[in-house]
Each structure stands twice: as structure tokens, then as C-alpha cells.
Amino acid sequence: MSGDGTAGGAPGLGPGESGPYPLHSSAADPGTETIGYRGPTACAAAGITYRQLDYWARTGLVEPSVRPAYGSGTQRLYSFRDVVVLKIVKRFLDTGVALQNIRAAVQHLRERGFRDLERMTLMSDGATVYECSSPDEVVNLLQGGQGIFGIAVGVVWRDVEAALSQLHGERVDTGETLVGHNPADELARRRNRAV
């Protein structure tokens, strides 16, 4: 992978601005998320099966960063960024990129700490995955002459935000169920009282 992650910007946002979901701002460290998502919610938002999610967690491709499973009966809890990475992995698989190349790309993102994830474009020629963080890097890659496809991570980011705004999350500190953007949602309050 190439690119230094210092240039570029999320479409429609100025430098330093975050998306409409303040709990998932680009400044936040994924380890400090205040909301986590259980497996079925992560699957629905990423467009994957539970079997894929389980396999990817067990093999270390995309592990839940909020709470891993500790034996039977415990629920994995995925961060917003984990769900974005799950959706990126799914898109690469759908376009035919080999799992070992996807694994290398995810490892690279982990090593970078997922900083500026929503501002990058991931490109692939089917064999190698490249990180492009500026329009110039995209143009340079395209001038190589191979067939290339790209994933604008900012678009995936917003797709996941939209999907999760309709699904249930869980407050990491209290375990309270949240629905979409409105934690005071009546349905969530009723569920929490019933537990």
C-alpha cells in the first residue's frame, strides 16, 4: 500500500470537520467509542452474513475493537470503524480481490491506527490494494495502464452511518440500547426498562 494519509478530505467536508454522527468523528480513537454494535447489527450495516462476520473475527481479519467474545454467551461489540472496515472488506471480496490481499490492506489500516479512514480512497488492480489520500495519487495509479477500481471510503463511511442510524446500538459504558441518532427513543427506553 502507498500513501501517507496527510492529504485529501471527506467529500463535502472542510478540513477537520466530521460527519453528522458526532460519536464517530474522525478525531475519535476507535478504542474510545461510546457506542458499540452487536454482530447482527454489524452484519446488517455492512451487508454481510453472520457466518462471514464470525469467520473474519475468528481468523483476525476484522476483530471487534469494543468487546471481543470471551466464550459462549458473550456478545462481540463492534465499533463504528469496525463496521466501516467490514463493509470495505465485503466490497473488495465482491470485486474479486483475494482474501490475502484484503488481509494485508486491513493490517496496513490497523498499523496506521485507522486515522483519516473516511478521507482515503482504496484502489486495487485485483492483485494489490493501494491507499490513495490525494487526487494526484489516484491519477498516478490510473496512469499505470492497468484496470483499476476504487473504493471511496468516505462514501462507505456515510453508507454505514445511514444504515446504523436505523439500527440498534449499545452504550459501551452502561449497556443501554440506543436506536439510531436518538438515544431517548421511546422504543429503546421500553427495552431498557424490560431488561
> Quick one: net charge of Gly126's neighbours, Cβ under 14 Å, K/R +1, D/E -1?
Replying inline: -1
> In square angstrom, what is the accessible area per residue of segment 85-156 with a 1.4 angstrom probe?
Replying inline: 44 Å²
> Peptides 116-127, 76-87: what's the order by average Cβ count within 10 Å, highest mean first?
Replying inline: 76-87, 116-127
> How much net charge surrounds Gly169 when only the other residues with a Cβ under 10 Å from the Cβ of Gly169 are counted, with Lys and Arg +1 and Asp and Glu -1?
Replying inline: -1
> What ranking of Leu142, Leu109 comes out by heavy-atom accessible area, probe 1.4 Å, highest first?
Replying inline: Leu142, Leu109
> How many nm separate the modelled label positions at Ala162 and Asp94, each set 7 Å beyond the Cα in the direction of the Cβ?
Replying inline: 1.3 nm
> What residues qualify as long-range amide H neighbours of Leu77, i.e. H under 5 Å apart, gap of 5 or more or another chain, H built at 1.01 Å from N?
Replying inline: Val66, Arg67
>> How far apart, in nanometres, would the label points at Glu111 and Leu142 be if each is projected 7 angstrom from Cα along the Cα-to-Cβ direction?
In response: 2.8 nm
> Going from most exposed to least, what order do His168, His108 have by accessible area with a 1.4 Å probe?
Replying inline: His168, His108
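The values are calculated or read from the model by the stated rules, or taken from the named source; none is laboratory data. This structure is a prediction, so every number in the text was calculated from the model and none was measured. Virtual Cβ from ideal backbone geometry, glycine too; neighbours counted across all protein chains shown. Surface accessibility is based on the protein's heavy atoms, side chains included, excluding ligands, DNA and RNA. Shrake-Rupley method; radii C 1.70, N 1.55, O 1.52, S 1.80 Å.
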